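Nothing in this text is a laboratory measurement; each read-out follows from the coordinates by a stated rule. Because the structure is predicted, anything quoted here is derived from the model rather than measured. We place every Cβ from the backbone using ideal geometry, glycine too, and count neighbours over all the protein chains shown.
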Amino acid sequence: MLNKYPLWKTLMVAMIVAIGALYATPMLYGESPAVQVSGLRGVEANAATLDSIKAQLEESNLSFASIALENGQVLTRFNNTEDQLKARDVLDDNLGKEFSVALNLTPNTPSWLATIGGKPMKLGLDLSGGVSFLMEVNMKEAINKAKIGMVSDFRGDLRNEKIRYRSVKEANNSVVVVFRKIEDLEAGQSLLKKRYRDLLLSTDDDTLTLTAKMTEQKLKEIREYALQQNITIIRNRVNELGVAEPLVQRQGKKHIVIELPGVQDTAKAKEILNATATIEFRLVYTEGDLSNALNGRIPANSILLKDKDGRPSLLKKRIMLTGDHITDAKSGFDEYSRPQVNISLDSAGGSKMSSGTKSNIGKPMATVFIEYKATDKKDAEGNIIFEKQQEIISVATIQSRLGKTFRITGAGSAAEAHNLALLLRAGALIAPITIVEERTVGPTLGAENVRLGFEAILMGFGLVFIFMMVYYRAFGVVANLALGANLVLIVGVMSMIPGATLTLPGMAGIVLTVGMAVDANVLIFERISEEIREGKTIQQAIHQGYDAAFSTIIDANITTLIAALILFAIGTGPVKGFAVTLSIGIITSMFTSVVGTRAVVNAIWGGKRLEKLPI
Amino acid sequence: MQILQLKETVNFMSYRKIALVFSALLMIASIASLATNKLNFGLDFTGGTLIEVGFQEAADLEKLRAVMKTNGFADAKVQFYGSSRDVVIRLGLRDDVKAEMLGNEVLDVLQGATGQTVDMRRIEFVGASVGDELAEQGGLAMLTALICILIYVAFRFEWRFAVGSVVALFHDVLLTLGLFSILQLEFDLTVLAAILAVIGYSLNDTIVVSDRIRENFRKVRNSEAEEIINISLTQTLSRTFITSITTLLVLAALFFQGGELIHGFATALLFGVFVGTYSSIYVASLVALSLGISKEDLIPEVIEKEGADQDAMMP
């Protein structure tokens, strides 16, 4: 029989819309103000943290809706923002430096919905308020530093092998070594060739020069490393900012996007992002009396520093090595499967380390992490005052004379070794970064954008709704049903896709989709009317209408999808949000307006003898 | 209900000379304006700093300008944004290292000078290199979109249609850019997005028409190409109008309800939908006709029942 869907097909349509509706429902539950407490630098919040938070809140007479330990974070929900803000201040003062306390908006999604992955759509910064930065990694500097490293490495290598040279200099994209004799040139070439497999070596016998060029592969590695290292460091710093759900992501070849929802004090954020961290290696002053030092009698040639648990150590004032000599630090395991950190130094660092450790085998060496943290105080000119914070991150015994590469064992768990490697790398930032773009949206504008966006969607939807109903009558109602289902599906899919963010242009995209989605139905309905006018029977007309319009709809939508995908590829932030809703809208609208309406039309008018169609 | 119930075939192609002159004039005007006035590029492309602030009472622009001038921001452009309480201040790029701190500085100056609590609505800072890169990427995106579409349409239809639809798209994009240049409306990233959406919309329209032309070439025997194009345009006219109406309705909602931030976006799309509708009737078909589209080009070698190969995919 014409125009009858098999039951499974109708059910499938209903199922898809129902699933979309299910995942769209978290939007209806809204969000409640919360405070999120998470550990810094390897510390994890645990049951004890939870108890102490509870105790502190009760002590300050602050009521909370719920408190829970999730993924190493304690999340406390409040009934209103006033309590939330007070609680933040209370916890910030009392919890200590190893915890970050952040304000958060936590969805009230019921747990059964959350377990199947239901969560509300993520709002972009233009809707939630907050700040986004685009930072550019100075790749020129990264390559430059690599070249400087090469120059000093070459000098060291040639000197060690007693090969005499006239000069080692950097030229653009390469390092040039000039020798005195042809034999030296040959010896130098074979030595360097053996040591540096990722360099292209070429020689000129007339001028006795050897040119070492970095391969494309090597250059790419340097750039990639500079970017990854900066991302790691920024992640660490952002965690200290106490922002819930921050985003740090690479964009293209040399940019890093940082999104900090809810942050208004951009000055502080910027200072922290731009702050520098360094590493120093010092010998432990074993001759000094620690208890005397703790009482304030610190020996003249030493300093008193503490580790993260507050255990003090007396260190020599003389710095054995600074972190800018570190070229790499990786965590791994030693032959007894104990966690260790492998450290590589440049050749200048290697010789310093070697002479520094030569006469100190068997003595402990401390690694100190130095960071400049912004304080709440400002100086007379309004600049934020930085506090130099020094912390011992590891104390290890020197087992032998150390050189260019060495390792630190006994740093604790694998996670701690990993963290140590990270911090060591932070001491050797190879490429500086600069803020090239910054967008701050205040909370009032964000809320206003949400309101305007929703009003525009409702208004556009309402207008099209009325128009279709008046123009196509009963069939218009069917098209409107499809339109409603389409809206639900867009919201559902947006909530399901991780990383899809709703922005103001994204809302505009939804409005536009509403206007354009009816096009498919217009095409079909116009075709049906045409077929009826040509004298076909009602059932044939419906069948033909859907049939003939189908390929047109596909062609028209695919081309729009091409434009949307290209926009997605080049767009950033809000504009990307537009591309996302537009692409999703095109796909869902094809489904609802072709398959969806057909199911309804078939169920109501299909397979019957009809004289007229309410179209 | 029917808005358009055409009994007779409208002879669209008889107006083609007028349409040709009309389009050519508009395109020349657009090019001329783009060459002389250029586009009023927004912050996204030029780089610089933009600060939007909200006052509790209507702001006095003259006073704010004076305040900015005395505080060393002589190049500041101070304008209302949407209402008399919202003010936007634009500053050009500076050589200072601390360019990204400018926003907060201006905020402090305003707060001090007016004595009112100034509500920071947004601060945007874009460095010079980002803007240049974006302009390059934006242009590249439009070109890529046009080429991809050209390939798709050529593959699905016929090269004459492909050329016709791309000329139509070029026409629409050019006229929309021209409008922004003549009226000196701000051209920012959202407008670029809108133009890509215009490409999508206009193409949608063109494809519907081309599809019908192809169908009629196969169905209607013994007719001239011109006659067939006229028949096809008449048949699709009512759909063209209805879709334009619904799209214009939602765009009107965006224009009036969406707020200042997407005003440029809505403007570009509103205008784009108008020219897109016009171009799918005149530009695309006209180009295909001029290139000598004929029955032989469109009739497949193996005559098959229409849609026979698609039955399985049917809903």
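Neighbouring Cβ atoms from other chains, within 10 Å of the Cβ of residues in A:523-530, number 4 on average. Taking θ as phi - 60° and the Karplus parameters 6.51, -1.76 and 1.60, the scalar couplings of the range A:483-496 work out to 4, x, 4, 4, 4, 4, 5, 4, 4, x, 5, 4, 6, 7 Hz in sequence order, x denoting glycine and proline.
Residues whose amide H comes within less than 5 Å of that of A:Ala65, counting only those at least five positions distant or on another chain, are A:Arg77, A:Phe78, A:Asn79 (H built at 1.01 Å from N in the peptide plane).
Volume per residue of the convex hull around the Cα atoms, evaluated for chain A, comes out as 232 Å³. Inter-chain Cβ neighbour count for B:148-160, averaged per residue, equals 2 (cutoff 10 Å, partner chain atoms only). Rounded, prolate or oblate: which fits the range A:31-107, taking a ≥ b ≥ c as square roots of the Cα gyration tensor eigenvalues, rounded meaning a/c under 1.5, else prolate when a/b beats b/c? It is prolate, given that a/c is not under 1.5 and a/b is the larger ratio. Panel note: the C-alpha atoms of the range B:140-234, placed on their principal axes, show extents of 52, 26, 15 Å (largest first). What does the charge add up to near A:Lys218, with Lys and Arg as +1, Asp and Glu as -1, over the other residues with Cβ less than 12 Å from its Cβ? Once positives and negatives cancel, what remains is +1.
Panel order for A:Glu611, B:Glu224, by other beta carbons found within 10 Å of each beta carbon, from fewest to most: A:Glu611, B:Glu224. Using the empirical formula 2.2 N^0.38 Å as the baseline, the Cα radius of gyration of the range B:48-126 reaches a ratio of 0.99. Cβ-to-Cβ counts within 10 Å put B:Phe73, B:Phe22 in ascending order as B:Phe22, B:Phe73, the fewest first. Can you classify the range A:197-341 as rounded, prolate or oblate using the Cα gyration tensor, where a ≥ b ≥ c are the square roots of its eigenvalues, rounded means a/c under 1.5, and otherwise it's prolate if a/b beats b/c and oblate if not? Verdict is oblate for the range A:197-341. Principal axis analysis of the Cα atoms in the range A:140-218 yields extents of 34, 24, 20 Å, listed in decreasing size. Ignoring lysines fewer than eight residues from B:Lys63 along the same chain, the ones with Cα atoms less than 18 angstrom from its Cα are B:Lys77. Remark: the range B:142-150, residue by residue, has Karplus-estimated 3J(HN,Hα) of 5, 4, 4, 4, 4, 5, 4, 5, 4 Hz, where x stands for each Gly or Pro and the curve is 6.51 cos²θ - 1.76 cosθ + 1.60 at θ = phi - 60°. Both radii come from the Cα set of the range A:88-169: Rg as radius of gyration, Rh as Kirkwood radius; their ratio Rg/Rh reads 1.38. Its relative contact order, with pairs defined as Cα atoms under 8 Å and 6+ residues apart, puts chain A at 17 percent. Counting Cβ atoms of other protein chains within 10 Å of each residue's Cβ and taking the mean over peptide A:505-517 gives 6.
With respect to chain A, whose longest principal axis is taken over its alpha-carbon atoms, helix A:182-195 is tilted by about 50°. Remark: the range B:151-164, residue by residue, has Karplus-estimated 3J(HN,Hα) of 5, 4, 5, 4, 6, 7, 10, 7, 4, 5, 5, 4, 4, x Hz, where x stands for each Gly or Pro and the curve is 6.51 cos²θ - 1.76 cosθ + 1.60 at θ = phi - 60°. Taking Cα atoms only, the orientation of helix B:189-219 departs from the longest principal axis of chain B by about 10 degrees. Every pair of different Cα atoms in chain B enters the Kirkwood calculation, which places the hydrodynamic radius at 22.6 Å.
Relative to the dominant Cα principal axis of chain B, helix B:16-36 is inclined by about 20°.
I need the shape label for the range B:50-208. Rule: rounded when a/c is under 1.5, else prolate if a/b > b/c, else oblate, with a, b, c from the alpha carbon gyration tensor. Taking the square roots of the gyration eigenvalues as a ≥ b ≥ c, the range B:50-208 is prolate.
The magnitude of the dipole of the range B:8-69, with charges of +1 and -1 set on the Cβ of Lys/Arg and Asp/Glu and taken from the Cα centre, is near 380 debye. What you get for the range A:31-107, charging only the Cβ of Lys and Arg (+1) and of Asp and Glu (-1), is a dipole of about 140 debye around the Cα centre.
Per-peptide packing, taken as the mean over residues of other Cβ atoms within 10 Å, places B:84-91, B:203-210 in the sequence B:203-210, B:84-91 from highest down.
Database remark: amide H of A:Ile393 closer than 5 angstrom to the amide H of A:Thr367, A:Val368, A:Phe369 (H placed geometrically; neighbours at sequence offset of 5 or more, or on other chains; Pro and chain starts carry no H). Counting only lysines at least 8 places from A:Lys612 when in the same chain, those with an alpha carbon closer than 19 Å to its own are A:Lys4, A:Lys536.
Look at the dipole of chain B built from charges on Cβ: of B:Tyr152, B:Thr176, B:Leu196, the Cα furthest out on the positive end belongs to B:Thr176. Placing +1 on the Cβ of every Lys and Arg and -1 on the Cβ of every Asp and Glu, with nothing else charged, gives chain A a dipole about its Cα centre of roughly 1600 debye. Any of A:Lys145/A:Lys306; A:Lys86/A:Lys306; A:Lys317/A:Lys388; A:Lys306/A:Lys404; A:Lys140/A:Lys253; A:Lys169/A:Lys254 with alpha carbons more than 21 Å apart? Name them for me. From the list (A:Lys145/A:Lys306; A:Lys86/A:Lys306; A:Lys317/A:Lys388; A:Lys306/A:Lys404; A:Lys140/A:Lys253; A:Lys169/A:Lys254), the Cα-Cα distance tops 21 Å for A:Lys145/A:Lys306; A:Lys86/A:Lys306; A:Lys306/A:Lys404; A:Lys169/A:Lys254. Cβ crowding within 10 Å ranks B:Ser238, A:Ser583 as B:Ser238, A:Ser583, fewest other Cβ atoms first.
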